[in-house]
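All remarks here apply to the structure that follows.
We did not get these values from a lab; they are worked out from the coordinates using the rules stated. The structure displayed is predicted, hence computed values, not measured ones. Cβ: placed from backbone, ideal geometry, glycine included. Neighbour counts: every protein chain shown.
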């Protein structure tokens, strides 16, 4: 059959139209798929935005609750909820984008936990999640709750004062108005406290062993001992202004007691000794053993009753000074455990072998500056390495030893600085270490610490930093030598010293502001210790103990 030229053109046109139709169908299908994908992506994005804004609702509500708790530390969970919006009432907010918003319902479940149920929306997208929080009561206690803790004994034979101040109240110590919170105590059984020379103590003294007041050391507080208490001869009118409690014997050789006396054992008072019992609210003396009172004139109460009479021979059953007798299951209790922080394994774990230990020696006028992130100066530059310290991760300078001598100057600036020293830490000669305001230095030492005569540690702002609540200078020692921490000289130093396995010696005519916790403590010469009572409320890892916190328990998506 013969096809004309016009017929061929017609067939070509039909073919082209069919191909065009197929292409159009494919394009339309692709467009439809693209539209579906776009809608799916849009919906996914909206849902992600909704989830993000729902999370933002949790975070902002939590922040608002924390701000309220800071302003009112004693607030209950109900009071916090009412201040934010109330139980089952929504808190609203937005995420900063168009039509992006959240609402949070606050409720308290049957277990007493706070439940924040947040719903986020953006356009058609929505998401919901829940977060549970627990209002903790705080609790805990600081290892620096007392001025002096000599776990196995305290010997104060110098002439410096043991008193207190509070760096949170004005920040400075006033020698004309000494605070009376400078308590001295021991922990291990049968550990004695000996007070010689003329070291007045403005606080309570508690010993798991005996207490002996020699020289002319007066105590502006109470005495409490599991062993005997002896007050030696002295020219001081009042040897003790407070009360006396002993589970052992009481021997009074000289001076007066301002309060009353309780002794489970024998009670003996020499001639011209007195129990003033200024408040006269209870009996002057009670004792469970034999009483010896030769001064028939002065050994009577205000009503004229003689201390040898039967009314005074009554077992007072004096309570025990807390001690480490193995009965406590709480190894973190600083009143019954010399090392509540378990410091030795924590310090040794810092040197995990992953970093080189630098040797730091600054002498002959060398200068150096440590900041939280870098160290630089005339000694070789070095950088810290992240390591766990007291339960938190901090940048730590890892050193094999640290020494300063011959007019060297080191400054600590920019925040919280941590130094780990595997060997000894020694300052000698005319050296100066300056801790800048609102900066702190934490020393983690395995070797010995020696702050020699002529060395000077200057803290521009003694006390606690404004943000981290860390002491200006903290010394943590795991050393087990006979005398692992020695502080000499005639300069002032602010430090919180924690050395549960070694003796600490404070000598010379200088003054230590802060607190000391040691295996044993001796203070000689004219050295004084001024306890910073702000340390009694500080957690070593930073922050205040005892403050309530909203602790996250978990998420529910």
Legend entry - Efficiency of FRET between residue 22 and residue 123 - r from beta-carbon atoms, R0 60 angstrom, step 0.05: 0.95
Legend entry - For the chain, alpha-carbon Rg over 2.2 N^0.38 Å: 1.46
Inset, instruction - Note down the nm distance, to one decimal, between modelled labels 7 Å out along Cα→Cβ at residue 66 and at residue 108. - result: 2.3 nm
Inset, instruction - Give the order of 269, 382 when sorted by the count of other beta carbons within 10 angstrom, beginning with the fewest. - result: 382, 269
Inset, instruction - Could you calculate the contour length gain from residue 305 to residue 381, that is, 0.36 nm times the residue separation minus the distance between their Cα atoms, to one decimal place in nm? - result: 19.7 nm
Inset, instruction - Among DSSP beta bridges lying fully in the range 352-475, give the percent that are antiparallel, nearest 5. - result: 20 percent
Legend entry - Relative contact order of the chain, defined on C-alpha pairs under 8 angstrom at six or more residues apart (%): 13 percent
Inset, instruction - Could you work out the Kirkwood radius for the range 250-306, taking every pair of different alpha carbons, averaging 1/r and inverting it, reported in Å? - result: 11.3 Å
Legend entry - Pairwise FRET efficiency - residue 298 versus residue 458, Cβ, R0 = 56 Å, nearest 0.05: 0.60
Legend entry - Fraction of the pair-distance distribution of the range 352-461 above 22 Å, Cα-Cα pairs, percent: 25 percent
Legend entry - the range 179-309 - Rg (one decimal) and Dmax (whole number), Cα, Å: 13.6, 41
Inset, instruction - Write down the percent of antiparallel bridges among all DSSP beta bridges whose residues are both part of the chain, to the nearest 5. - result: 25 percent
Legend entry - Estimated Rh, the range 394-545: Kirkwood, alpha-carbon pairs, angstrom: 15.2 Å
Legend entry - Alpha carbon centroid spacing (whole Å) that separates the range 256-292 from the range 394-445: 51 Å
Inset, instruction - Round to a whole angstrom and tell me the spacing of the C-alpha centers of the range 218-244 and the range 313-328. - result: 19 Å
Legend entry - Fully extended contour minus Cα-Cα distance, from residue 480 to residue 541, at 0.36 nm per residue: 19.7 nm
Inset, instruction - Work out, step by step, the length gained on full extension between residue 349 and residue 76: first 0.36 nm times the residue separation, then minus their alpha carbon distance; give nm to one decimal. - result: 94.3 nm
Legend entry - Label point distance in nm, residue 169-residue 320, each placed 7 Å from Cα along Cα→Cβ: 3.5 nm
Inset, instruction - Using a Förster distance of 41 angstrom, determine the FRET efficiency expected from the C-beta separation of residue 176 and residue 328, and round it to 0.05. - result: 0.50
